[in-house]
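What follows draws every value from the coordinates through simple rules; no lab data is involved. Just so you know, these numbers come straight off a predicted model, no measurement behind them. Counting neighbours? That spans all protein chains shown, and the Cβs are built from the backbone with ideal geometry, glycine included.
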2 protein chains.
Amino acid sequence: MNGVHGRIPGRQWSRAIASVHTSCMTTPLTLDPPDWNVYRSLLHRAVDDALDHLAALRQGPAWQPMPAISRDAVRRPLPAEGIGPEALFEEVRRHIAPYAWGNTHPRSWGWVNGNGSAAGLLADVIAAGMNTNVPLGNQSAAVVEEQVIAWSRQIMGFPAEATGLLVTGASIANLVGLTVARDTMAGTDLPAAGTGSLPPLTVYASSETHSSIDKAMAILGLGTRQLRKIPVDQALRLDVRKLHEAIRADRAQGLRPICVVGNAGTVNNGGIDDLGALADVCAAERLWFHVDGAFGAVAMLAPGRRPQLAGLERADSLAFDFHKWLHVPYEAGCILVRDGAAHRRASFAPTRSYLVPLERGASAGPDFSQLGPELSRAFRGLKVWMTLLAHGTTRLGELVEQNCQQAAWLAERLTQVAHCVVPAPVALNIVPFRLEPSRLPGDRRDAINRELLMRLQERGIAIPSGTSIGGRFTLRAAITNHRTRQDDLEALAVAVEQLGAELLSD
Amino acid sequence: MNGVHGRIPGRQWSRAIASVHTSCMTTPLTLDPPDWNVYRSLLHRAVDDALDHLAALRQGPAWQPMPAISRDAVRRPLPAEGIGPEALFEEVRRHIAPYAWGNTHPRSWGWVNGNGSAAGLLADVIAAGMNTNVPLGNQSAAVVEEQVIAWSRQIMGFPAEATGLLVTGASIANLVGLTVARDTMAGTDLPAAGTGSLPPLTVYASSETHSSIDKAMAILGLGTRQLRKIPVDQALRLDVRKLHEAIRADRAQGLRPICVVGNAGTVNNGGIDDLGALADVCAAERLWFHVDGAFGAVAMLAPGRRPQLAGLERADSLAFDFHKWLHVPYEAGCILVRDGAAHRRASFAPTRSYLVPLERGASAGPDFSQLGPELSRAFRGLKVWMTLLAHGTTRLGELVEQNCQQAAWLAERLTQVAHCVVPAPVALNIVPFRLEPSRLPGDRRDAINRELLMRLQERGIAIPSGTSIGGRFTLRAAITNHRTRQDDLEALAVAVEQLGAELLSD
């Protein structure tokens, strides 16, 4: 297959060589435009488009499919020659910009998505203008990131010696947390030696735990089989007695338990484990306590929700996102590690001859690349810093509380809809629901609910998503949305009623 | 330490609870501004600032330190209440925006940095307006990413069945490549079982290999000790005979060789291994062939450089960046995997009950999260798609060639500077240099060169970086910069001459 798909006509190559050789030192090429005002005008149109879109979001569909003509417009041959910026802008404006996933919409409640804010947009535009690389260095982006980590420590009740890093999201944050857990608990120089010579290292988490923990187990070479999925109680919280049993059983078999993962907000129902009890287990059993607080941890800003999170501040490592329930644009996640020295000793800090520390100049600053898997990094800190400063923690906490109350209201409202049930408790902000028409058998009910979900999305009414609860297909509305109002929730209930009738008469 | 740093005054909490409880369902809170025009005006100012800055880059310093007053302005207490957007914008404009790392500057040649373009800026602004989440889904961002991967296959000579993923950069791309290598070559269900039951799995790479490969070995639980650093020849390319010996020796000891990593552009001197020879070794020894082409792989677009890369198209996996030598803004890296089925079977694809596949609606699209460590992902594809389409592969290839010729010119020019030597060959675009004043002992020379580097940066003249070559501190200019002109290189040479005289007279 070598190069069959890859060849670019030879004539173009020769032409390119000739032209470069004769001119590059005298009349250098550049991507900078001969007239910046062409791009200036397009950039002004782009921000107007963005704001017009945001201001009119509620009037548009929650989601719309990308038409074939637009797909074809994207699927162009590899361009040998450039097209002008104006033509390019029109293509993007017509064929790409209108067909986002819908996560900014007031009726976006699928998966656990964030919807951003105007302050975050402003931050992203400024950061795009700076286009600064943030692996390390003596630069404002480093100072901003350190400040965001300091604020995060304060919000989450972590000590001053805790380290932290902005990452793309909670999946990487969980990966970093479990890496430090593994490296610290292994009792050998694991980054150098590998896991090979050790007995299987086991990790414990509830059956409701997010798949990113499984993924981290696989990537880290620990193996998903060594992740013990502990059963949950009726409130879908990890059963602490069964955790004790599992740890004891594994120890008896010669395995080495290293870590318990607590959930601060599960994806299925927003359930929060008894984090204080898990912290006690970890203290008694000398295990690392990692908390996956992907969206739920920021409920620390909502005073009414804080008691549910008690014990979170005792975690050895905590993963959470700013781009979900704090409404920061994508991507912005965070990992905090209580024992900063352990974090700095973990797998992320090999030696690099070409990054020689100097006392002064551009490189004389923090080295973020020693705390996570990335080296080049964008300026993620600005949108977090600006979102917090634009709105303040009080308002951000009130919005968390508002979403929780909206979820409670929606759960209540959906039980008034014909055949609709809410099959699990609403612990925080996630409402599972499904149609249970008693005259249909179970598998037909699953088909009806899948169809209900697809029609809700296809008609642009709302974006819930689907999951499996008790082996049954279930819709879920995860409300982490500052644009959601009561009429949006009412619109969902009305649509479920109407579509239910439509589906049951099919 | 629980919560000592984390407490927010109780009175604020109570007030927040009360206000939410009374109003949230009737007068909902939102982060949307009462008047969008406030943000509109700021966004227009932000894009004007960005363009004014880009247009005047050459007149400003290559780098400048962030003053204490600006650091203090960033280090604010955790804000309970928001400040208005205008005040916030002025803070950022004054204290943050001016103090980037300098990687956009025409005389930015440190590490291997990219400097972006106006088309990339336009793309980032449009993407910021969309703020779409791209873990999967039926959305334009998915179609754009698939198209960018298709173009990447074509540029790199990969077959149509190869899979690919946009990631934050080559560190993650290398991690993904080595994960698939490990999982495929282990001969067991490694994602489930872990590495524990296997003999040590060994990986081979030259002594010039980037630290992200060490980091991946550590993260994956393989252990950096199992990374065999094979010596290089005089052109700093992996010595293939010694590779054979190392593989044989490890096999004789019962270890299991799994992968050879080839370099397409080392960080120290841009050296490219004999990729064809390495591909032959891997074919004969049945090993996975991974290529780290972080910045160098895109030289495939430069016809004059393509022969040096012969064999790259035979890699099993290839990591490279768009944000370096293709001038796409941060972050945009890519991993290609020849055997798409192997990629899909690797550690990234655990089951997720809450991501139930549906035939229609918002989720009916590709699932990128099964190909890499992330779930939530920003729309990285747009800036790659727009950069390629704005400029075309011919021009982008010419710029690669231009930088290589500039590097050759600079190496020649620096040897005319008093006491200056270029201690390693210039294979591509990287020029190592240092002062070797014969009357000074070795350690004094290192101190002089460190001081030279810091003064070049501090005075805003240029941003080379430092490394170690042959155990000696060495400066290096890595030219991946479409803004660089001959007068910029001349300015560096003149400054090295002047600063050298200054330092030697100290």
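With Cα atoms as the point set, the range B:120-388 shows a radius of gyration and Dmax of 18.4, 58 Å. Determine the shape class of the range B:397-505: with a ≥ b ≥ c the square roots of the Cα gyration tensor eigenvalues, call it rounded for a/c under 1.5, and otherwise prolate if a/b is greater than b/c, oblate otherwise. Taking the square roots of the gyration eigenvalues as a ≥ b ≥ c, the range B:397-505 is prolate. Classify the range B:173-266 as rounded, prolate or oblate, taking a ≥ b ≥ c as the square roots of the eigenvalues of its Cα gyration tensor: rounded when a/c is under 1.5, otherwise prolate if a/b is larger than b/c and oblate if not. The shape class here is oblate.
Net charge of the neighbourhood of A:LYS383, taken over other residues with C-beta under 15 Å away and scored Lys/Arg +1, Asp/Glu -1, is -4. Just to confirm the filter: which chymotrypsin sites (Phe, Trp or Tyr not before Pro) across the range B:223-314 are DSSP coil and have at most 16 other Cβ within 10 angstrom of their Cβ? Here no chymotrypsin sites (Phe, Trp or Tyr not before Pro) fit, given the DSSP loop and packing criteria. Basic side chains Lys and Arg get +1 at the Cβ, acidic Asp and Glu get -1 at the Cβ, and with that the dipole of the range A:120-388 about its Cα centre reaches some 240 debye. Summing charges over neighbours of A:LEU238, with a neighbour being any other residue whose Cβ is under 9 Å away from its Cβ, gives -3 when K and R count +1 and D and E count -1. In chain B, the beta carbon lying closest to the axis that superposes B onto A belongs to the residue given here with its whole-angstrom distance, B:GLY221, 1.
May I have the convex hull volume per residue, in Å³, for the Cα set of the range A:211-260? Please list the in-between numbers first.
On the way: hull volume 3.9 nm³, N = 50.
Cα-based convex hull of the range A:211-260, divided per residue, equals 78 Å³.
Using the Kirkwood radius over C-alpha pairs as Rh, can you work out the diffusion coefficient of chain A via Stokes-Einstein at 37 °C, viscosity 0.692 mPa s, in µm² per second? Roughly 129 µm²/s, to the nearest whole number. Sparsely packed loop sites in the range A:393-501 (the trypsin sites (Lys or Arg not before Pro) outside DSSP H, G, I, E and B with at most 16 other Cβ atoms within 10 Å) comprise A:ARG439, A:ARG459.
Counting Lys and Arg as +1 and Asp and Glu as -1, each charge on the Cβ, what is the dipole of the protein assembly as shown about the Cα centre in debye, to the nearest 20?
Values: 100 positive and 98 negative charges, 248 e Å.
Approximately 1200 debye in magnitude.
The 3J(HN,Hα) values that the Karplus relation (6.51, -1.76, 1.60; θ = phi - 60°) gives for the range B:486-492 are, in residue order, 4, 5, 5, 5, 4, 4, 5 Hz. Gly and Pro appear as x.
Take B:GLY254, move 7 Å from Cα toward the beta carbon, and the resulting point lies 1.6 nm from the same point in each other copy, nearest first. Rounded to the nearest 500, the helix-only mean residue ellipticity at 222 nm of chain B stands at -13500 deg cm²/dmol, with each DSSP H run of n ≥ 4 adding -39,500 (n - 2.57).
Rg over Rh of the range A:313-398, using C-alpha atoms and the Kirkwood radius, what does it come to?
Across the range A:313-398, the Cα-based Rg/Rh ratio is 1.03.
In the assembly of identical copies, A:GLY187 has its label point, taken 7 Å from Cα in the direction of the beta carbon, separated from the corresponding points by 3.0 nm (ascending, one decimal). Of the trypsin sites (Lys or Arg not before Pro) found in the range B:277-359, the ones in coil according to DSSP and having at most 14 other Cβ atoms within 10 Å of their Cβ are B:ARG286. Taking a ≥ b ≥ c as the square roots of the Cα gyration tensor eigenvalues, the protein assembly as shown comes out prolate, since a/c reaches at least 1.5 and a/b is larger than b/c. Proximity of backbone amide H atoms, modeled 1.01 Å from N, is registered between A:THR202 and A:ARG256, A:ILE258 at under 5 Å, excluding neighbours fewer than 5 places apart on the same chain. Centre-to-centre separation between the Cα atoms of the range A:428-468 and those of the range B:242-296: 51 Å. Net charge of the neighbourhood of A:VAL134, taken over other residues with C-beta under 14 Å away and scored Lys/Arg +1, Asp/Glu -1, is -3. The base-10 log of I(q)/I(0) for the range A:393-461, evaluated at q = 0.23 Å⁻¹, reads -1.04 [Debye formula, identical scatterers on Cα atoms, solvent excluded].
The relative contact order of the range B:19-141, computed from alpha carbon pairs under 8 Å that lie at least 6 residues apart in sequence, is 24 percent. Counting only Cα atoms, the range A:251-410 measures 58, 53, 22 Å along its principal axes, largest extent leading. For A:CYS420, the residues 5 or more places off, or on other chains, whose built amide H falls under 5 Å of its own are A:GLU436. Phi angles of the range A:65-75 translate, via the Karplus equation with coefficients 6.51, -1.76, 1.60 and θ = phi - 60°, into HN-Hα couplings of x, 7, x, 4, 4, 6, 4, 5, 5, 6, 7 Hz per residue; Gly and Pro are given as x. Taking a straight line from the alpha carbon of B:LYS229, these lysines sit under 23 Å away, with near neighbours fewer than eight places off in the same chain left out: B:LYS215, B:LYS242. With the charge dipole of the range B:351-506 set up from +1 on Lys and Arg Cβ and -1 on Asp and Glu Cβ about the Cα centre, the Cα lying farthest toward the positive end among the listed residues B:PHE379, B:LEU358, B:GLN486 is that of B:LEU358. Couplings 3J(HN,Hα) for the range B:235-241, derived from phi with the Karplus relation 6.51 cos²θ - 1.76 cosθ + 1.60 (θ = phi - 60°), are 8, 6, 9, 3, 7, 5, 5 Hz, where x marks Gly and Pro.
Taking amide H as placed 1.01 Å from N in the peptide plane, B:VAL167 has its amide H under 5 Å from the amide H of B:GLY333, B:CYS334, B:ILE335, each at least 5 places away in sequence or on another chain.
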